[in-house]
Amino acid sequence: MAKAVLLLLVLVAPLMISLLPSSSLALNQDFCIADLARGDTPAGYPCKPQTGVTADDFYYRGLNTTGPTINPFNIGLSSAFVTRFPGVNGLGISAARVDFAPGGIVPLHSHPGGTELLFVIEGAISAGFISSLTNQVYVKTLYKGDLMVFPQGLLHFQYNLGDDTAVALSSYSSANPGLMILDFALFANNLPSDVVSKVTVLDELEVRKLKALFGGSG
């Protein structure tokens, strides 16, 4: 009997650990509303004094409308990361909304700090990601009500397949998953064009054109 109990503990313990919140803050107290004015730390934002917490701290309306347009990709993006929604601090969760105009694209990008779960609300979207081990591409066509997951840190993309606006809602396994858009990383920086050309094997004239498009210098 003792051996059976020990075996059960060995099998169940890793599962129970994986279900625990990622932040130690959530283990020690019910919540930790981010005090954004005090700055971020490796463990998250410091907590707002509990005496000043209200129901409004757990409520956010920022995803109820189309967000600002991101050019030249023809999409609207609004987010509910901790910097906009302090109530998610320490809880290992956040969200975003993307509105794809016809022809709209979410270019290759990654979230260094979290896995993404995409839910299509309206329209048809092509979505995919690239594995880091073999560069295998996994692509699916998603329709209203469909879900797709993008593992943490991997490059992924989405684009509108239809002639009407498509809308998707993403949730993340982090209060601040981060966002690195490949085009901006390559062409919105101040690295000299000849260096970018060398490290990307792109023609230098093309690099200069892309730097002009994305606001880079050098």
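The values are calculated or read from the model by the stated rules, or taken from the named source; none is laboratory data. The shown structure was predicted, so the numbers you read here are calculated from the model rather than taken from an experiment. Counting neighbours? That spans all protein chains shown, and the Cβs are built from the backbone with ideal geometry, glycine included. The protein model used for the area step is the full one, side chains on, heavy atoms only, and it has no ligands, DNA or RNA in it. Shrake-Rupley method; radii C 1.70, N 1.55, O 1.52, S 1.80 Å.
Going by the structure shown, is Asp164 surrounded by 14 or more Cβ atoms within 10 Å (Cβ to Cβ), outside any strand (DSSP E or B) and of a type in the set (D, E, K, R)?
It is false that Asp164 is surrounded by 14 or more Cβ atoms within 10 Å (Cβ to Cβ), outside any strand (DSSP E or B) and of a type in the set (D, E, K, R).
Yes/no per residue for (1) outside any loop (DSSP other than H, G, I, E, B); (2) among the charged types (D, E, K, R); (3) open to solvent by less than 60 Å² (accessible area, probe 1.4 Å); (4) touching a Phe, Trp or Tyr at 6+ places or on another chain (Cβ under 6 Å):
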| residue | (1), (2), (3), (4) |
| --- | --- |
| Gly153 | no, no, yes, no |
| Tyr159 | yes, no, no, no |
| Leu169 | yes, no, no, yes |
| Val199 | yes, no, no, no |
| Leu205 | yes, no, no, no |
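Which condition from (1) on the phi > 0 side of the Ramachandran plot; (2) of a type in the set (S, T, N, Q); (3) buried (at least 21 other Cβ atoms within 10 Å of the Cβ) is the one that Asn89 breaks?
Every condition holds for Asn89 apart from (1).
Report yes if Gly76 is in the same structural domain as Asn160 (by the TED database), at pLDDT 95 or above, touching a Gly at 6+ places or on another chain (Cβ under 8 Å) and not in a loop (DSSP other than H, G, I, E, B), otherwise no.
yes
Please go through the stretch 68-116 and pick out each residue that is out of contact with any Leu (no Cβ under 9 Å at 6 or more places or on another chain), free of Cβ contacts under 8 Å to residues at least 40 places away in the same chain and hydroxyl-bearing (Ser, Thr, Tyr).
Passing the criteria: none in range.
Check Ala124 against each of (1) closer than 14 Å to Ala168 by Cβ; (2) in contact (Cβ under 8 Å) with a residue 60 or more places away in the chain; (3) in contact with a Gly (Cβ under 6 Å, 6 or more places away or on another chain) and name the one condition it does not meet.
Status for Ala124: all satisfied but (2).
Say whether the condition of being surrounded by 15 or more Cβ atoms within 10 Å (Cβ to Cβ), touching a Lys or Arg at 6+ places or on another chain (Cβ under 6 Å), over 30 Å from Gly218 (Cα atoms) and of a type outside the set (Phe, Trp, Tyr) is met by at least one residue in the stretch 171-192.
No, there is no match, as no residue in the stretch 171-192 is surrounded by 15 or more Cβ atoms within 10 Å (Cβ to Cβ), touching a Lys or Arg at 6+ places or on another chain (Cβ under 6 Å), over 30 Å from Gly218 (Cα atoms) and of a type outside the set (Phe, Trp, Tyr).
Which of the numbered conditions does Ser24 fail, given that it passes all the others? Conditions: (1) outside the structural domain of Asn160 (by the TED database); (2) at pLDDT 95 or above.
Answer for Ser24: the failing condition is (2).
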